[in-house]
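The values are calculated or read from the model by the stated rules, or taken from the named source; none is laboratory data. Since the structure is predicted, the reported quantities are computational estimates derived from the model, not experimental observations. Cβ placement follows ideal geometry from the backbone for every residue including glycine, while neighbour counts extend to all protein chains displayed.
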Amino acid sequence: MSVGAPRGLASSGQKPITEILHPLSAADEPPLSPVPDVTVGGHNPSSGAADKDAGLTNGTPVETSSPASASSLFNRLQLDDEPDADAEAEADAHDPYASTETRDLFVTVDDPKKHVSTMETYITYRVSTKTTRIEFDLPEYSVRRRYQDFDWLRIKLEDSQPTHLIPPLPEKFVMKGVVDRFSEEFVETRMKALDKFLKRVADHPVLSFNPHLNAFLSAKDLNKRQGLALLTKVGESVKQVAGGYKLRARPAEFCAMGEYLDTFCQKLGTIDRIAQRILKEQTEYLTELREYGAVYSSWAGSEDELRRPLEGVAGSVSSCCGALEDLSENMSQDFLPVLREYVLYTDSMKNVLRKRDQSQAEYEGRLEAAVLRRQEDRTPVPVEVEKCQDKVECFNADLKADWERWQSNKRQDFKQLLTGMADKNIHYYEKCQAAWESLIALLQDKQTEDKTNETN
Amino acid sequence: MAEDGKEESAATGDSDQPAAGLDSTMVEEGSTLLRRMEISVAEAEKRSGKNSVNMQETFTVYLIETRPMDAIAEGRNPAPDSLWRRYSEFELLRNYLLVTYPFIVVPPLPEKRAEFVWHKLSADNMDPDFVERRRVGLENFLLRVASHPILSNDKILYHFLTEVGGSLSFQSRTADSRLRALSATFRVRNPDKRFVDMKHYSDELQSHTSQLLRARARVADRLYGVYKVHGNYGRVFSEWSAIEKEMGDGLQSAGHHMDAYAASIDDILEEEEHYADQLKEYLFYAEALRAVCRKHELTQFELEMATQDLVSKKQQREELATGIVRTFSFKGMTNKLFGQEAPEQREARLKLLEELIAEGEESVKEKTAECEEHVEGGWVDMQRFKEQKDKDLREALINYAIMQISMCKKGIQVWSNAKECFLKM
């Protein structure tokens, strides 16, 4: 259970971080032991990294290839190369005891529970954290969060890290009449998406050090944290950008990114439609197949010698129906949601590109104005303009880094998604083949049985 | 099957043929025609000609080829005798057999028009696939008839196979009227219970096979849809691969496999048609079985009528002879009212009655014999049919399972290939 960390701490700092056992040191413990609810009151983010400057990233300096990002990438590649990995294996992939020298923050979302109050009913999820980072007071946390809280985190991240790509959340609103918000499948799908979101944030070399993430992971009670004294940069933050900025020249690489995203989004949409169509056809096929099997059963009733073979066929058809149901369920539970989430991810990326454009436009605008003024009355170029230029350059650098990361993740994710789809189809056919082969074995046994009876 | 129609002797139980039951259950002691002669329906051709109302029409003719078995056994390879016949001539032959051997379950012909089609298959009689399947069905019909212990000895059958003849048309007129009698409704008092049960069974067989054929066609339709939609993946993966760097190759090749997957369904379903044809044969066989039971009812009915008639005539004679009227009759009433007839008239009537009674007794004897013969022969053939049916359908089911396994293996192959490509992305 606990790796020796003192529990029930009222405040941080009772034990210096060096004395708290490293999670990796308990090598004999099972990897994902359930973490008890740790009460942490009055917690202040130790980094106190309030954003001083608009637009500058907080905490760590911007590096396109910081050790954390490169190695987490490497870890992802290693783990995802397993042939039978499917979406759920993502959770297992974060095994703290596997190739972990540089990974120091592990998060998991699981254990959904329904809460019923007089005002509303909602689901909470357990968010478990294991870390060795000094920014955290404790090595382990376990808190309960609801979707609203994740959304809060996302908004906070977008506001405080406008130059970075924030991973998307699953859709917020669901049509009440159409989708059952409390059905097992829906909750399961949403939970996986939330888990993915959090993992992506935790893997990001810059976002993972954001104090809002810290609060999200560790604070007992999130909503009451008004006194966290984090400045929300409403003034500076640009949320959904309307677009249409007159740019002098958008650098070619960003143009290429935009074009890529447009086409990619389109293709994703097509794949989604195809998958849905396949599901529809499969459902109709299943209906007919069931009736078909039933006819064999009913025919068996009027036969004697043929009864067993006919019932055997009915049985095999029925097994195939079961296998088909599994396949279809899998497609709709695992494949489609991940696909859709990537559409959202693509939209997020596009949004960041627009923000970058806007920031460049702003800079160009100010520069122009400043140059004009200098020409008129020799006023030197103000500091703000230089800062704008810095901002744009930082933005570009961040974006490029995020782009690479995004591309790499996309490659892994789709490799996993598509091999998963292939696997499921293979399993389906294997099950059907087994059903028919057992029928033949059954019938041929009978045949040899009959033959020996005849010769006797 | 078309390719090896010529040389293959179906008597050796070629597994491609639906007539897989052509072994000990059918070829019995005594030489059936098939033992003496190799028969095949080798080809089909389109012809044009004037029909009975002098209108131009197109139709298909089939080439019947025969070769003596002993020549083949001796290693000689003589050229086959052959003649062309069209479907309607086969129909005439079959009707003749139905009428001449009322207690035999006569093998059915392949369907006249394409039924139970799933949407991709054409329902057009001129469609080459349909013609080909019909050729196979006609050959199967001939083989079954020629290996039947009783039917195979029929002279008309022999002429059908070896001579261009007009003798068939003569038979057709009597065939029609007797066939019509089969569909009339009448009540039988004492039908043989076994035949009643068999008739009931034939209804069940007919209903189940036709249900199965319809359900199978619907399933085929849906399966076709599932496979074909996957072809869209091929296109979109290809388009997507164009904007990718490292992922491009893997996606592109995977797309090709998706195309292959979508294309594979055509062959799969084409093969399944053979299974459908086997089911159809037994659907039509059910009708033939029913006909035998109906024929029994007809002969039994005629016997009962004849017996009834004889009884009433004997009663009349008794009344006339003794003057005692037991049952009400109009003659009796008029006699009472208007007086009896003269003795000479009575004598004349009595004599006539005696003649009629003698005829009636002959008739009853005949019909009883006919009935018994029919029951005996019919029961034997129905047993033979049952054995054949059990064996054939069992094999058909096994072959169906084999087809399904083959389809699964193909599916696994394609998706494994696609998976390889995805892993390389």
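Details
- Given (1) touching a Leu at 6+ places or on another chain (Cβ under 6 Å); (2) facing chain A (nearest Cβ under 7 Å), index of the condition B:V229 fails: (1)
- In this structure, B:I64 qualifies as in a strand (DSSP E or B) and in contact (Cβ under 8 Å) with a residue 24 or more places away in the chain.
- Odd one out for B:D81, checked against (1) surrounded by fewer than 19 Cβ atoms within 10 Å (Cβ to Cβ); (2) without any contact (Cβ under 8 Å) to a residue 60 or more places away in the chain; (3) not hydrophobic (A, V, I, L, M, F, W, C): (2)
- Residue count for the stretch A:295-319 satisfying the condition of being in a helix (DSSP H, G or I) and more than 8 Å from chain B (Cβ to nearest Cβ): 10.
- Looking at B:E239, B:E204, B:E244, just one residue is outside any helix (DSSP H, G or I) and either at positive phi or within 9 Å of another protein chain (Cβ to nearest Cβ) (or both), and that residue is B:E244.
- Scan of the stretch A:116-149 for residues that are without any contact (Cβ under 8 Å) to a residue 12 or more places away in the chain and part of a strand (DSSP E or B), ordered by number: A:V116
- Single match in A:T379, A:T346 (criterion: among the β-branched types (V, I, T) and surrounded by 14 or more Cβ atoms within 10 Å (Cβ to Cβ)): A:T346
- Checking each residue in the stretch B:208-226 for being more than 9 Å from every other protein chain (Cβ to nearest Cβ) and polar (S, T, N, Q) picks out only B:S210.
- Test for B:S406: is it closer than 18 Å to B:A262 by Cα and in contact with a helix residue (DSSP H, G or I) (Cβ under 7 Å, 6 or more places away or on another chain): no
- Index of the failed condition, A:A256 passing every other in (1) crowded, with 18+ Cβ neighbours inside 10 Å; (2) under 27 Å from the mean Cα position of the chain (by Cα): (1)
- Lone qualifier among A:V338, A:V385 - being farther than 30 Å from B:I412 by Cβ and either assigned to a helix (DSSP H, G or I) or out of contact with any strand residue (DSSP E or B) (no Cβ under 7 Å at 6 or more places or on another chain) (or both): A:V385
- Qualifying residue in the stretch A:136-157 (condition: hydrophobic (A, V, I, L, M, F, W, C), farther than 19 Å from A:A193 by Cα, over 18 Å from the mean Cα position of the chain (by Cα) and outside the structural domain of A:K350 (by the TED database)): yes
- Yes/no for B:F422 being under 27 Å from B:L212 (Cβ atoms), within 14 Å of chain A (Cβ to nearest Cβ), among the hydrophobic types (A, V, I, L, M, F, W, C) and touching a residue at least 24 places away in the same chain (Cβ under 8 Å): no
- Members of the stretch A:414-423 that are more than 7 Å from chain B (Cβ to nearest Cβ) and surrounded by fewer than 21 Cβ atoms within 10 Å (Cβ to Cβ): A:L417
- Among the candidates B:A220, B:A242, B:A215, B:A263, residue that is in contact (Cβ under 8 Å) with a residue 60 or more places away in the chain and of a type in the set (A, V, I, L, M, F, W, C): B:A220
- Residue match in the stretch B:151-164 (condition: assigned to a loop (DSSP other than H, G, I, E, B), under 21 Å from B:L63 (Cβ atoms), over 16 Å from the mean Cα position of the chain (by Cα) and modelled with pLDDT under 90): yes
- Screening the candidates B:D266, B:D277 for the property of being away from every other protein chain (no Cβ under 13 Å) and within 20 Å of the chain's Cα centre (by Cα) yields one hit, B:D277.
- Residue count, the stretch A:264-292 (criterion: of a type in the set (V, I, T) and either over 17 Å from B:N232 (Cβ atoms) or outside the structural domain of A:E362 (by the TED database) (or both)): 2
- Residue tally, condition touching a residue at least 24 places away in the same chain (Cβ under 8 Å), facing another protein chain (nearest Cβ under 9 Å) and over 19 Å from the mean Cα position of the chain (by Cα), over the stretch B:383-402: 1
- Condition check for B:R85: of a type outside the set (V, I, T), under 20 Å from the mean Cα position of the chain (by Cα) and closer than 30 Å to B:A215 by Cα: no
- Checking each residue of the stretch B:231-246 against the condition of being modelled with pLDDT under 95, closer than 26 Å to A:K280 by Cα, within 43 Å of the chain's Cα centre (by Cα) and surrounded by fewer than 18 Cβ atoms within 10 Å (Cβ to Cβ) gives at least one match.
- One residue from A:E437, A:E430, A:E454, A:E404 being modelled with pLDDT under 80 and within 13 Å of chain B (Cβ to nearest Cβ): A:E454
- Tabulated pairs, the stretch B:369-382, first at negative phi, second surrounded by 14 or more Cβ atoms within 10 Å (Cβ to Cβ) and of a type in the set (A, V, I, L, M), C-beta under 6 angstrom, 6+ apart or interchain: B:C371/B:L303; B:G378/B:V292; B:D381/B:I104; B:D381/B:V105; B:M382/B:M198
Per-residue answers, yes or no, for (1) within 26 Å of B:E362 (Cβ to Cβ); (2) at pLDDT 85 or above; (3) surrounded by 13 or more Cβ atoms within 10 Å (Cβ to Cβ):
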position	(1), (2), (3)
B:R290	no, yes, yes
B:E302	yes, yes, yes
B:T307	yes, yes, yes
B:L310	yes, yes, yes
B:K313	yes, yes, yes
B:L320	yes, no, yes
B:R326	yes, no, no
B:M333	no, no, no
B:E341	no, no, yes
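- Scanning the stretch A:259-275 for residues that are under 19 Å from A:K400 (Cβ atoms) and surrounded by 15 or more Cβ atoms within 10 Å (Cβ to Cβ), we see that the one that is farthest from the other protein chains (Cβ to nearest Cβ) is A:L261.
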